[in-house]
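Please treat every number below as a calculation from the coordinates, not as lab data. Being a predicted model, the structure only gives us computed values, none of them experimental. Note that each Cβ is placed from the backbone with ideal geometry, even for glycine, and that neighbours are counted across all protein chains shown.
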């Protein structure tokens, strides 16, 4: 249930920005890579609970999953690495390199128009 | 109105992890984060490692569990400093909890600090604790499908200890399947086949640890 900790971190960051801009947040977009296991349903649920009684209450969370890029050492194919089925999709080789995984980011906040 | 932030989430954990990393570098301490399912034998491996290496290296252990200090007691009786973190329900250790524990075991004077994470193959892998190496333990009775089911944890590991090798003739566990799959997730991973019960294979793990600890500058005694 580390999604709760992530939800707390998001609510804190949005609340800080809301105070700075003196505006009501209505939506936020976050992005994550493939190696940090985030479950959208659980995170949305945790966010809803943690946001209660804060300025974030009712705000919608959008979660974008960024692919992990792999490059095959055998055929040179660049592909989106699927950790549940690792290997080059073109030639099936297991010899490949992986680029760094995308970090967990709070990308954007949308505020209510004043 | 939309504002673009690109702000890291879990930045508090990351800040504390960086602090821990700097602490280990400043004190020439080698830190290993040990992750596995409950019951894989983490504590038994660490107790045996402490017992076998304590004359050569100064070792301390940070124990993470939801409740009880059972594991810390086992480590102390093996002959190393140990501090227990009770997470009281949380499924992983955070970098901040580790920061607090380092003083308690006198980590600045140690050659190796092991952090035994909460038994769980999912959540601990998302939290950097500031360690220099990550070790995953997989034991034979758990089954050979674990790397397929929990790829994130294995993809981030530097070392895989395949434990309970003394049971190899009694359980259906395809070693080649595990080793091949883990290498596709992490091509340069170090894999040691061990039995913490009989001691089989542990020497290679000790050699790896000793080499890593010796690569650090010697401490001023």
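Contact order, relative form, for chain A: 34 percent (alpha carbon pairs under 8 Å, 6 or more residues apart, mean separation divided by residue count). Most simply put, region A:2-111 has about 70% antiparallel DSSP beta bridges, counting only bridges with both residues inside it.
Model label sites at residue A:114 and residue A:39, defined 7 Å from Cα along the beta-carbon direction, differ in position by 4.1 nm. Shown is the FRET efficiency for residue B:77 and residue B:19, computed with R0 = 41 Å from the Cβ-Cβ distance and rounded to the nearest 0.05: 0.85. Computed over the protein assembly as shown, the P(r) curve from all C-alpha pair distances, binned at 10 Å from the origin, holds 6, 23, 29, 25, 13, 4, 0, 0 percent per bin. For region B:93-117 versus region A:52-91, the inter-centroid distance based on Cα atoms is 33 Å.
Once the Cα atoms of helix A:2-21 and of chain A are each reduced to a long axis, what angle between those two axes, in degrees from 0 to 90 to the nearest 10, is obtained? With both axes taken from Cα atoms, the answer is about 50 degrees. Here the Gaussian network model covers chain B, with springs between Cα atoms less than 10 Å apart; of B:103, B:60, B:130, B:103 fluctuates the most. Roughly how many whole Å is it from the C-alpha centroid of region B:1-75 to that of region B:161-221? Here the answer is 18 Å between Cα centres.
Note on region B:31-213: the C-alpha convex hull projects to 9.5 nm² when averaged across all orientations. Inter-chain neighbour count for A:8-14: the average number of beta-carbon atoms from partner chains within 10 Å of each residue's beta-carbon is 3.
Note that region B:53-148 shows a convex hull volume over its alpha carbon atoms of 123 Å³ per residue.
With the simple model of a label 7 Å out from the Cα in the direction of the Cβ, residue A:52 to residue B:172 spans 4.6 nm.
Relative to the longest principal axis of the Cα atoms of chain A, helix A:40-51 runs at roughly 20 degrees. Calculated from the alpha-carbon coordinates, region B:12-70 shows an Rg and a Dmax of 13.7, 37 Å respectively. Against the compact-protein benchmark of 2.2 N^0.38 Å, the Cα-based radius of gyration of chain A scales to 1.35.
Most simply put, the protein assembly as shown has about 35% antiparallel DSSP beta bridges, counting only bridges with both residues inside it. Counting other Cβ atoms within 10 Å as a rough exposure proxy, the listed residues A:12, A:41, B:15 run A:41, B:15, A:12 from fewest neighbours to most.
With the helix formula -39500 (n - 2.57) applied to DSSP H stretches of n ≥ 4, the protein assembly as shown reaches a computed 222 nm mean residue ellipticity of -10500 deg cm²/dmol.
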